[in-house]
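Report on one structure; see the data block that follows.
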Amino acid sequence: EIRLSLVGSEMCIRDSYSSLLFEMYCSTKGSKNMLSLMQILMLILDVMWFFVIAHVIMSWLINFQVLNLHQQFVAQIWYGLNRILEPAYSRIRNFLPQMGGLDLAPLVALLGLYATRIIIQNNMASFY
């Protein structure tokens, strides 16, 4: 007996003697694509997490005059991080109350990234 099944854009042909591994590959081919998408999303969240942490640490080091913005390498990293993170920070600052000299936007951004990570991890099983 020969059966044809269409999985994604590939056709899997199996007979009564096909191996279990091949059968599992054919039945999970579509979910592997979704798993890859979820892993890419998790990687993007991890990179953004790293950028926010690096930005916070650099801001402390610059304010305590450990790092100097007159050094070209430090300035390039600082302005690059600002260009990446400032659009998100400005949106967060729009709904946060004024706290004087205390900027809570990075903390809210970290909480948002972590919450997004939890949501993706908890819903990853529904895509299998």
Note to self: Full-extension gain between A115 and I84, please, as 0.36 nm times their residue separation minus the C-alpha to C-alpha distance.
What the structure shows: 9.1 nm
Notebook entry, point to check: Using r as the Cβ-Cβ distance of L41 and R91, and R0 as 22 Å, what FRET efficiency do you calculate, to the nearest 0.05?
Noted result: 0.65
Note to self: Please report the projected area of region 51-128's Cα convex hull averaged over all directions, in nm².
What the structure shows: 7.0
Next item on the list: Would you calculate the separation in nanometres between label points at Q71 and I53, each defined as 7 Å from the Cα along the Cα-to-beta-carbon direction?
Entry: 2.1
Next item on the list: Report the accessible area of W49, computed with a 1.4 Å probe over the heavy atoms of all protein chains in place, in Å² rounded to the nearest 10.
Entry: 100
Notebook entry, point to check: Ranked from the most accessible area to the least, with a 1.4 Å probe and all protein chains present, what is the order of S126, S36, S59?
Noted result: S126, S36, S59
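The values are calculated or read from the model by the stated rules, or taken from the named source; none is laboratory data. Keep in mind it's a predicted model, so treat the numbers as computed, not measured. Glycine gets a Cβ as well: all are built from the backbone with ideal geometry, and neighbour counts include every protein chain shown. Keep in mind that these areas ignore ligands, DNA and RNA; they rest on the heavy atoms of the full protein, side chains included. Shrake-Rupley method; radii C 1.70, N 1.55, O 1.52, S 1.80 Å.
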